[in-house]
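Only one structure is covered here, and it is reproduced in the block below.
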Amino acid sequence: MHSHILPEMDDGSESVEMSVKILNTLKEQGVTKICFTPHYYTHNESMEDFLKRRQHCFEILKPHIPEGIEVCLGAEVYVTDIIMNNKSLHPVCYGHSNYILLEFPYQTTFEGQSYDFLMKIINMYNVRPIMAHIERYDAMIRDPGLLEDLENYGIKFQTNANSYFDRATFRRFKKLIKRGLVHYVGSDVHNLERYQPEHYKEAFDLISKKTDPEVVSGICHYSKKVFDAATK
Ligand SMILES: [Fe+2]
């Protein structure tokens, strides 16, 4: 659901070799479907330029994607006011779907202006936001009520696999999981060191052990739904 595997696209993979290593590492752990979500910094680059670069990096990697792995293109869209200059946000959604992975500045409170802005994005662009790594926002991780409110507007929540290895964060996740507020677990893999892809499955095993195996089934179900919509 969340990865930086396209070679030389952003601060993720630096080469085709590295991308292939990451893909194989994920494959070894049973991953068969992967969404590429490179950073799209709306204040730094036009969407047109971003899409051109993404296509170029994808074409380079495409012939080297290991057999048995299906992929789709998306983006981790950093939200600034400038996002409103775009006529449509569908080109940066996951594939053909209207799910979009959004990242806000980490100090965002999702109250007042930032809340209104998020609602405006949903209404103006007819997209379904997935909030990237919600554990980075103090306002979100501490307040299940806020997440419940946002979920009423169709917003879904993604967490990073490696965050489950931090006990304090896991404790907070547990509260959210109990209320059905964790929909996706992404690797957010950047390279072989950052958010180590070899520990991806371990995170799922931990979730299964410390909560309920059904939680993992739910996460897989939500992810499959996005992937199917993206690749239909
Ligand atoms: Fe990311």
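Remarks
- Dimensions (Å) - the chain, Cα atoms, principal axes, largest first: 46, 45, 30
- 10 Å Cβ shell holding at most 15 others, DSSP loop, chymotrypsin sites (Phe, Trp or Tyr not before Pro): longest site-free stretch of the chain: 1-105
- Entry note, the chain: the mean residue ellipticity at 222 nm calculated from DSSP H runs of n ≥ 4, each adding -39500 (n - 2.57), is -13000 deg cm²/dmol after division by the residues and rounding to the nearest 500.
- For MET124, MET1, order by how many other beta-carbon atoms lie within 10 Å, fewest first: MET124, MET1
- The loop-placed GluC sites (Glu not before Pro) in the range 92-196, going by DSSP, that have at most 16 neighbouring Cβ atoms within 10 Å of their Cβ come out as GLU111, GLU193.
- Whole-number percent relative contact order across the range 183-232, with pairs defined as alpha carbons under 8 Å at least 6 apart: 38 percent
- Within the range 143-193, trypsin sites (Lys or Arg not before Pro) in DSSP loop having at most 13 other beta-carbon neighbours inside 10 Å: ARG179
- Ranked by how many other Cβ atoms sit within 10 Å of their own Cβ, fewest first, the residues LEU147, LEU51, LEU118 fall in the order LEU51, LEU118, LEU147.
Any read-out appearing in this document is the output of simple, stated calculations on the displayed coordinates, not a laboratory observation. If you're wondering where the values come from, they're calculated on a predicted model, not measured in any experiment. Heads up, the Cβs are rebuilt from the backbone with ideal geometry, glycines too, and the neighbour counts pull from every protein chain shown.
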